Amino acid sequence: MARTLITGGAGFVGSHLIEYLLEKGHEVIAMDNLLTGDVENFAHIDSEKFRFVKHDVTNYIHIDGEIDYILHFASPASPIDYLEHPIQTLKVGSLGTHKALGLAKAKGAVILLASTSEVYGDPLVHPQREDYWGNVNPIGPRGVYDEAKRFAEAMTMAYQRFHNVETRIVRIFNTYGPRMRIFDGRVVPNFLKQALQGEDLTVYGDGSQTRSFCYVSDLVEGLFRLLTSEEKEPVNLGNPSEMTVLEMAEKIIEMTGSKSKIVLKPLPSDDPKVRQPDIRKAREKLGWEPTTSLEEGLGKTISYFKSKLKVE
Ligand code: NAD
Ligand code: UDP
């Protein structure tokens with residue numbers, strides 16, 4: 001039986017990974033300092049094969065016994081969160097990744113780093129392929145996240161090349177679903193909260209910027225395939241169906257049946273104008289592509305938000 005550590009396990013993606021890996025028969029240890037995560041996200045899990053350790057992974061990580069896999073997901077992920085915690089974001093991407101890699105080396109474990117489409121910055125190549133190096137402003141407000149993840153990728157490749165650690169790198173594109181924090185500020189939870197509470201939907205800029213939204217269960221399937229593959233170079237995982245932020249606001253109003261209006265607000269600095277994953281590599285190497293439609297994924301997410309917000 002595989003024994004697996006998930007850093008950031010109390011977060012949105014981490015909590016879905018716990019469930020998926022328990023289903024696959026893994027013993028799972030979730031580690032998290034609860035900066036943006038919540039133990040509520042796994043409170044429903046009742047398994048002897050699961051355990052939670054509260055720990056800040058920027059400090060030395062000690063785990064008794066063997067570890068086969070490490071999924072390093074600890075990091076603030078929403079622009080609001082990393083603007084609120086800029087130093088923690090830099091530290092978890094750099095020091096936290098160093099500690100996770102050190103543990104992988106000591107245990108002989110395979111480690112998968114959760115990187116991000118933000119390594120491409122405000123991209124000048126569209127859609128984004130893994131061989132594009134990006135267009136990142138290191139000193140802008142988003143730089144704390146983008147550069148931390150770029151450093152994390154560099155450190156991961158160095159551990160692979162210098163210490164022969166089995167490493168995997170995923171570049172995750174915008175993913176949504178149940179257990180996103182209602183107030184985390186990312187576009188889907190923000191619009192859902194606003195639509196369900198009858199508030200105006202705040203579209204930043206003119207809403208013509210694009211994103212490509214992947215439902216969380218599709219992502220998790222791709223993560224597992226990457227973890228258990230031989231692919232040592234970064235792989236994009238995301239849903240290539242691209243839409244404008246304005247279209248997302250309209251879709252959420254339609255699907256919630258909300259009477260909310262759309263209002264325009266200033267565009268945050270360095271907000272990428274376009275974003276769409278080129279997933280040819282994931283298709284070829286992992287046999288993976290998303291299968292959940294926007295309607296189906298948003299439907300499940302709306303149900304979750306309704307129960308959290310206690311609205312019908
Ligand atoms: P999240 O905020 O829900 O989860 C992140 C978790 O990391 C939280 O539980 C937080 O408490 C924990 N954490 C932060 N700093 C820590 C530290 N020093 N020690 C221990 N735990 C710490 O966000 P998420 O959406 O689940 O993102 C998870 C990972 O996936 C992140 O690394 C993020 O960069 C990456 N990612 C997510 C998306 C997405 O669309 N959801 C896109 C790109 C990349
Ligand atoms: N956005 C928006 N209104 C909101 C929240 C976000 O228009 O209430 C926009 C944001 O400016 C960006 C896109 O939605 O263009 C996606 O934002 P998110 O914070 O989800 O993550 P990003 O993809 O920028 O990392």
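Just so it is clear, none of the values below were taken in a lab; they were calculated from the coordinates. Quantities reported herein were computed from a predicted structural model and do not represent experimental measurements. Heads up, the Cβs are rebuilt from the backbone with ideal geometry, glycines too, and the neighbour counts pull from every protein chain shown.
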Note the angle between two axes, namely the Cα long axis of helix 12-23 and the longest principal axis of the Cα atoms of the chain, as a number of degrees from 0 to 90, rounded to the nearest 10. 50
I'd like the distance separating the alpha-carbon centroids of the stretch 12-29 and the stretch 235-285, in whole Å. 27
What residue among Phe224, Phe173, Phe183 has the largest mean-square fluctuation in a Gaussian network model of the chain, using Cα springs under 10 Å? Phe183
What is the Cα coordinate range of the stretch 96-196 on the first, second and third principal axes, sorted by size from largest, in whole angstrom? 50, 32, 24
Taking the Cα centroid of the stretch 47-76 and of the stretch 118-174, what is the distance between the two, rounded to the nearest whole Å? 23
So for the stretch 80-169, averaging the separation of alpha carbon pairs under 8 Å that are six or more residues apart and normalising by length, what relative contact order in percent results? 41
If you take the beta carbon distance between Glu84 and Tyr204 as r and set R0 to 22 Å, what does 1/(1 + (r/R0)^6) give as a FRET efficiency, to the nearest 0.05? 0.80
Hey, which lysines would be in cross-link range of Lys308, C-alpha to C-alpha under 25 Å, not counting anything within fewer than 8 residues on its own chain? Lys54, Lys193, Lys251, Lys259, Lys261, Lys300
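Would you mind putting 87-96, 19-28 in packing order, based on average other-beta-carbon counts within 10 Å, highest first?
87-96, 19-28
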Rounded to the nearest 20 debye, what is the charge dipole size of the stretch 222-296 about its Cα centre when +1 sits on each Lys and Arg Cβ and -1 on each Asp and Glu Cβ? 160
For the chain, percent of DSSP beta bridges that are antiparallel (nearest 5) comes out at 10
Under a cut-off of 16 Å between alpha-carbon atoms, report the aspartates and glutamates in cross-link reach of Lys273, not counting same-chain residues fewer than 8 places apart. Glu118, Asp122, Asp146, Asp206, Glu242, Glu247
Using only Cα atoms and rounding to the nearest 10 degrees, what angle (0 to 90) does helix 245-256 make with the longest principal axis of the chain? 80
Where Lys and Arg each count +1 and Asp and Glu each count -1, what net charge lies around Ser229 among other residues with Cβ under 10 Å from its Cβ? +2
I'd like the per residue volume of the convex hull spanned by the Cα atoms of the stretch 152-258, given in cubic angstrom. 122
Angle between the Cα long axis of helix 143-163 and the longest principal axis of the chain, 0 to 90 degrees, nearest 10? 30
So what's the projected area for the chain, the Cα convex hull averaged over all directions, in nm²? 14.8
Computed over the chain: relative contact order in percent, which uses C-alpha pairs under 8 Å that are six or more apart: 17
